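Here the structure is laid out as structure tokens; the discussion comes afterwards.
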Amino acid sequence: MNHTTSAAAPQRTAAPAPGAGLSGFPRRSVLAVLVCWLLVVFDGYDLIVYGTVQGSLINDTGWGLTKATAGTIGSMAFVGMMIGAVFAGRMSDTWGRRRTIIGCAVVFSVFTILCAFAPNAPVFGGLRLLAGIGLGGLVPSANALVAELVPEKWRSTIATLMMSGVPIGGSIAALVGIPLIPAFGWPVMFLVAVVALVVVIPLGLRYLPETLAPNSVVAPGGSAARSPVGFGSLLRAPYLGISVLFAIGTLVTLFAWYGLGTWLPNLMQLAGYNLGSALTFALALNLGAVAGSVLTAWAGTRFGPIPTAIAAAAVAAVALMVLVTGPPVAVVYFMLVLAGVGTHGTQCLIIAAVASHYPAHLRGTALGWALGVGRIGAVAAPQAGGLLLAAGLGVNSNFLAFAGAAAAAAVLIAAVGVKIKKSTAVGVSNV
């Protein structure tokens, strides 16, 4: 493990299935990981779907939305995600992963479906906030469960691949939006969440294992003891510095990723492209993010998650800066693919590093902390994009802002690497 533990009080977690061992993947573990991944796909769809309908909400609803107010509504889901990530990560460490995952999935599915029937902008924004609570809670809970189901040597790789579900969901949103929005209008995009509610959640009820309370340990003689859990444990030695850096690194990374996800179709329409072309640019971004999940899983295993994350963030920053120069269309597509690889790949690697760095009884809380604080960036990004446009600063102002965030992520992750090396030197951690 990448932390110090007491030999007299080993961590006690439930075996994922009869006959499960540390050297392989039992069948039920594979099915559980697959279900978690499918839920993350719908999580990604529900996050990105707002970007695909934003232009329609501004132009076709009669709600009186402006670019600034549309950005505010886009932020509502991320406010909910911030709440959900913080509390669900903590709850999954206390109540168990399965109940938290299923509960979050039901919440985001139901309130996403209700968005299709919203009569006005305030109701729509409120429903997006409530859906966001489920969306934000799902990812740290699912990643914490998966980390317990796979052999330790595969933990970083699987955590990175798990997050491929987010851009795959975003790609699905862009793909289905191209034919469905012109034919049926924006509400149909939110009804897709019915599939999660009636298909994937029942699979979760069947295949996700119950876990023992992850903060339970077995003391000598078999008596149960409790390890300290909660945010207080993260914000004191030996975890304080690394917890703060992980959180701020997540914040700027999510600012870049969700800023692009929310505004890219509208930005490309403002640049003169029609809706179909604008959505294909969003598709390029999300396909790049899918590729980034795979590439960074391989590179993170080979070179380590921290060095790979630094490189990924730098690639994203450079790609977004190139967009500011007004390159040919083919170059725009390629730079958006690289931006997807870099921004989402960086976030995947941060999650992998967090999942590997903390002990099991703090893992869900740590993931919730990093993603919860990080959602501040996701909240700020749609709002910032809208304000920059409303101020008349043009499309390039958005690309510059997101490029700056990616560059900041590279610097912060480098600081994480320095901190980990220092910790290793004094025997606190060997991440």
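Here are a few things to note about the model shown:
- Average Cα contact separation per residue, segment 253-361, under 8 Å, 6 or more apart, as relative contact order %: 36
- Centroid-to-centroid separation of segment 31-88 and segment 156-213 [C-alpha atoms, Å]: 12
- Residue-wise HN-Hα coupling along segment 166-181, computed from phi with Karplus coefficients 6.51, -1.76, 1.60 (Hz; x: Gly, Pro): 5, x, 5, x, x, 5, 4, 4, 5, 5, 6, x, 4, x, 7, 5
- Distance between the 7 Å Cα→Cβ label points at residue 123 and residue 195: 2.7 nm.
- Diffusion coefficient (Stokes-Einstein, Kirkwood radius over C-alpha pairs, 37 °C, 0.692 mPa s) for segment 92-166: 242 µm²/s, rounded to a whole number.
- Surrounding net charge for residue 155, when Lys and Arg each add one and Asp and Glu each subtract one, Cβ distance under 14 Å: 0
- When the convex hull of its Cα atoms is projected in every direction, mean area for segment 252-298 (nm²): 3.4
- Segment 131-216: GluC sites (Glu not before Pro) falling in loop per DSSP and having at most 12 other Cβ within 10 Å: 210
- Calculated FRET efficiency for the pair residue 393/residue 422, C-beta based, R₀ 45 Å, to 0.05: 0.65
Every read-out reported here was derived from the displayed coordinates using simple, explicitly stated rules and does not represent laboratory data. Predicted model only: the values in this text are computed from it and were never measured. With ideal geometry, Cβ positions are generated from the backbone for all residues, glycine too; neighbour counts draw on all protein chains shown.
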